Amino acid sequence: MTDNSAAVRNGLVPRVFRVTDYGARRDSGEDSARGIAAAITAASSVDGPVVIEFPCGRYDIFPQEVARAPYYVSNTASEEEYPDPVKTIGLLLRGMNRFRIEGNGSLLVFHGRMTPIVLDGCREGEICNLSIDFARPTISEMRITEVGERYWDAEVHPDSCYELADGALHWTGEGWSHRGGPAQEYDPVSNRTWRVPNPVATASRIEEVRPGKLRLWFREDAAADTAVGRVFQMRDGIRDQVGALIVGCRDIAFRDVWMRYMHGLGIVGQFSENLTFERLKLAPDPSSGRTAAAFADFLHLSGVKGKVTVSDSRFDGAHDDAINIHGTHLRIMSSDGGRRIRVRFMHPQSYGFQAFHAGDEIEFIHADTLRPYAARSVVAVYPISLREVELELDAPAPETKEGDVVENATWTPEVHIRGNSFSRIPTRGILLTTRRQSIIAHNRFEKMAMSAVLIADDAGSWYESGMVRHVEIKGNRFIACGSANAPVILIHPENTVWSADQPVHQHIVIRGNRFEGGRALLLEAKSTEHLIFADNEIAGASCEAKCSDDQGDSLKRWISLTACSEVAIIGNAMGDEELKESEAGIVSVHDMEKRHIRACEGLHLVVADTRESFQT
């Protein structure tokens, strides 16, 4: 046998730390938290590449002996909702460099409301070949078995514990309980999920027919429509934990990781650089009978930089958006014309984290137009409170208007999202707002309840920044996505003052995609310069939005544009005979002139307010 101890000492071969050597007991049902933490501590003391290895098996992790540490996380909970920032952390890695967590196909099962993994200040790390689940998911599920005139019978999932008292039901778990909260309905026939009122909260009375079998009674005016076989997913609304947190890190990769369930916001990347997610499976275990895998978003990246890659992954069964990548606008509270300004986190659920560093470049942005008007570099950062911070700049601040905001332009990533599939999502597939090059390519979006892709930007609601400068949406397949109120692709900055000559977004190319079925607009865009919709295939769509041309004929409205410029709609194929015969329909334009349209082939252009047609 070859002795490689010298190579290990020289850092050529990583040292291996097996959690079972430190007391973790696989397949025992016993708490492995202490043994796993001991292995991490031992690996942290080594200067060189290390592997923290889980021999294949199941490892249970209970909250009693895990790490606890405060972390303020974007888009989670406000001070009023949940003032305690302390996270209950299964695996905590701080300041580790050149490491790999090797799961070997192991399953980590968490108990209670926990954050399974936190990477804090780490470099060159990889988490791979690992599955994560919860013994008692914080989403409770029940399947409808009978629908009566004023009642439903439901079979409660074996994982979903409950208590009944005086006709009211409370869901219970390991250290928690709740009654109301958000709910979703899942139809296995159509493979679609959407948000609904919580039937446990709206029922006038609930009876237990037998253990695990409930009858929900409703008042005549409160009974909702459902069908046998549908599943209701119910949870509370407090995002007190996350599925995984990557904060202050660089060069981190998740590969071949299966998140069967995540409590809280999902995988969160915050002020980290170069994040890679390959071959993830974010979906429930089919053998479990569960239908939901995430309490909120699946993947949420706020204020990251470098390159973000999400590839060859599966996103099935969330309670909010599949992917959300954005920055944060902070409102300017005071500026005396000198080199210091005071800024504030505005959204209730985003505050407390370090949003600026010395050397960062910031842009000043008018809240009404969402257009930048000045740039400065940060020299020093002086926290005032959890919500406010003072920034010292390299030059005097410009004159500002009430409501204006700043965006940290340094912490904006290049994004590549390729080869993924999205289904059973009640909201959007991808939300993306970053000024650097972004590619959304060769993905499959199936029956998103809202838009498959949303490019937003706002300084008055979620305060999620910012403008985009180069986005390609190409080679994707959109299957029955959106609704009458949600276009398949929505470009919607929330500026209150707009002009086609003053765009928020620039250079968005939607090319070579296939749109199948559905009743939604294909595209709705606002305040975008250089917008191309080209070489797409439209098959079997039946848009609900209609209006008349100047001859009074009713035409389907496929695209809606507001204050856009340098628009080209060319080379799109209508792969359905009915569409060809109806000449496909119209593009409605708002607050635009003929000069703003470079080309429009195969569709009528109609000025929305006047119904006047014009040719390009």
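In the range 375-469, which strands (runs of 3 or more DSSP E) lie fully inside it and hold 2 or more residues that are at pLDDT 95 or above, closer than 15 Å to residue 323 by Cα and among the small types (Gly, Ala, Ser)?
421-423, 438-441
Exactly one condition in (1) at pLDDT below 95; (2) buried (at least 20 other Cβ atoms within 10 Å of the Cβ); (3) assigned to a strand (DSSP E or B); (4) not aliphatic (A, V, I, L, M) is false for residue 518; which is it?
The one condition residue 518 does not meet is (3).
Does at least one position in the range 499-510 carry a residue that is under 15 Å from residue 478 (Cα atoms) and open to solvent by less than 30 Å² (accessible area, probe 1.4 Å)?
Yes, the range 499-510 contains at least one residue that is under 15 Å from residue 478 (Cα atoms) and open to solvent by less than 30 Å² (accessible area, probe 1.4 Å).
Which residue out of 588, 582, 613 is more than 35 Å from the chain's Cα centre (by Cα) and modelled with pLDDT of 55 or more?
613
Give the range 447-461 a look and list any residue that's open to solvent by 10 Å² or more (accessible area, probe 1.4 Å), under 20 Å from residue 318 (Cα atoms) and within 16 Å of the chain's Cα centre (by Cα), or say none.
Once the filter is applied, which keeps residues that are open to solvent by 10 Å² or more (accessible area, probe 1.4 Å), under 20 Å from residue 318 (Cα atoms) and within 16 Å of the chain's Cα centre (by Cα), the range 447-461 yields 449, 450, 454.
Can you name every residue in the range 473-492 that is surrounded by fewer than 24 Cβ atoms within 10 Å (Cβ to Cβ) and either of a type in the set (S, T, N, Q) or touching a Cys at 6+ places or on another chain (Cβ under 7 Å) (or both)?
Result: 483, 485.
Conditions tested, residue by residue: (1) without any contact (Cβ under 8 Å) to a residue 60 or more places away in the chain; (2) not in a loop (DSSP other than H, G, I, E, B).
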site	(1), (2)
129	no, yes
132	no, yes
137	no, no
146	no, yes
154	no, yes
159	no, no
207	yes, yes
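Would you be able to tell me the number of residues in the range 23-41 that are open to solvent by 20 Å² or more (accessible area, probe 1.4 Å) and closer than 26 Å to residue 95 by Cβ?
6
Six or more apart or on different chains, Cβ under 7 Å: which pairs go from a residue in the range 46-60 that's on the phi < 0 side of the Ramachandran plot and in contact (Cβ under 8 Å) with a residue 12 or more places away in the chain to one that's part of a loop (DSSP other than H, G, I, E, B) and surrounded by fewer than 16 Cβ atoms within 10 Å (Cβ to Cβ)? Could you list them?
If the second residue must be part of a loop (DSSP other than H, G, I, E, B) and surrounded by fewer than 16 Cβ atoms within 10 Å (Cβ to Cβ), the pairs left are 49/11; 58/27; 60/29; 60/30.
Which ones in the range 248-283 are in a strand (DSSP E or B), farther than 17 Å from residue 416 by Cβ and open to solvent by 30 Å² or more (accessible area, probe 1.4 Å)?
Hits for the range 248-283 are 250, 256, 258, 281.
What is the one condition in (1) in a loop (DSSP other than H, G, I, E, B); (2) out of contact with any helix residue (DSSP H, G or I) (no Cβ under 9 Å at 6 or more places or on another chain); (3) buried (at least 18 other Cβ atoms within 10 Å of the Cβ); (4) not aliphatic (A, V, I, L, M) that residue 81 does not satisfy?
All conditions are met except number (3).
Kindly provide the set of residues from the range 292-315 that are surrounded by 24 or more Cβ atoms within 10 Å (Cβ to Cβ) and of a type outside the set (Gly, Ala, Ser), ordered by number.
295, 297, 298, 299, 300, 301, 304, 308, 310, 315
Go through the residues of the range 316-327 one by one and say whether even a single one is open to solvent by 50 Å² or more (accessible area, probe 1.4 Å) and of a type outside the set (A, V, I, L, M).
no
The values are calculated or read from the model by the stated rules, or taken from the named source; none is laboratory data. Just so it is clear, the model here is predicted, and its values are computed rather than measured. In this analysis, Cβ positions are derived from the backbone assuming ideal geometry, glycine residues included, and neighbour counts consider all displayed protein chains. The area values use the complete protein model at the heavy-atom level, side chains included, leaving out ligands, DNA and RNA. Shrake-Rupley method; radii C 1.70, N 1.55, O 1.52, S 1.80 Å.
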